[in-house]
Amino acid sequence: GQQVQQSPASLVLQEGENAELQCNFSTSLNSMQWFYQRPGGSLVSLFYNPSGTKHSGRLTSTTVIKERRSSLHISSSQTTDSGTYLCALANNYAQGLTFGLGTRVSVFP
Amino acid sequence: EAAVTQSPRNKVAVTGGKVTLSCNQTNNHNNMYWYRQDTGHGLRLIHYSYGAGSTEKGDIPDGYKASRPSQENFSLILELATPSQTSVYFCASGDVRANSDYTFGSGTRLLVI
């Protein structure tokens with residue numbers, strides 16, 4: 001089965017600092033997505049990014065298929081960025097996603 | 001506003017009892033999913049569905065059944081609950097025609113005692 005590894009497991013930032021979160025996967029993929037999980041539980045989709053670079057506000061996602069990795073860059077972090085960031089892969093999107101364990105980000109003022 | 005709604009939000013069940021977790025979506029998505037989330041394991045897929053009347057086994061289906069009576073509703077059923085099924089359960093809906101459109105519910109915290 002697919003293996004999805006995220007690093008680091010946790011990250012502590014001072015407000016304004018940048019951060020780079022990594023996701024490495026062991027097999028080929030058809031779908032690659034980043035989610036944000038709020039403290040307390042619900043998940044929100046940030047990016048669908050099977051290849052290349054995508055931007056959304058202060059977030060940038062870059063996926064390099066040949067190297068089997070994806071990254072999520074947070075620029076000028078804010079306290080509201082605190083939470084867990086999850087990457088997820090699928091060979092067949094209709095059959096569900098395989099998630100990494102996540103990176104827990106804590107941003108302090 | 002399109003959404004995925006789970007009920008109940010919290011549930012305490014006794015070992016051996018029957019538990020039904022419900023999920024309703026207003027996204028008009030064909031695909032629906034049930035995951036559980038546990039420390040050290042992350043989110044794992046239990047069952048999924050391609051549409052009304054369809055239920056398929058995910059990665060960890062043992063001890064669980066699913067039911068999809070309509071486009072909007074997808075239930076997860078624990079016929080004989082066990083303490084190992086204590087977890088947080090998430091329902092999601094997705095549209096394979098628009099891969100970025102993947103919506104999660106707020107989760108159900110289940111404690112089996």
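Just so it is clear, none of the values below were taken in a lab; they were calculated from the coordinates. Fair warning: this is a prediction, and the values are worked out from it, not measured in the lab. With ideal geometry, Cβ positions are generated from the backbone for all residues, glycine too; neighbour counts draw on all protein chains shown.
Structural remarks
- Check: the protein assembly as shown dipole with +1 on Lys, Arg Cβ and -1 on Asp, Glu Cβ, in debye: 260
- For the protein assembly as shown, pairs of C-alpha atoms spaced more than 31 angstrom apart make up 21 percent of the total.
- Cβ charges +1 (Lys, Arg) and -1 (Asp, Glu), total dipole of chain A, debye: 240
- Centre-to-centre separation between the Cα atoms of the stretch B:2-49 and those of the stretch A:6-52: 22 Å.
- Considering only alpha-carbon pairs that sit under 8 angstrom and 6 or more positions apart, the relative contact order computed for chain A is 37 percent.
- The C-alpha radius of gyration of the stretch B:1-63, expressed as a fraction of 2.2 N^0.38 Å, stands at 1.24.
- For residues of B:41-54, the mean tally of beta carbons on other chains within 10 Å: 3
- Rh by Kirkwood over Cα pairs, then Stokes-Einstein D for the stretch A:1-102 at 1.002 mPa s and 20 °C, µm²/s: 156
- Debye intensity ratio in log₁₀ form over the Cα atoms of chain B, taken at each q of 0.12, 0.16, 0.17, 0.22 Å⁻¹: -0.37, -0.66, -0.74, -1.22
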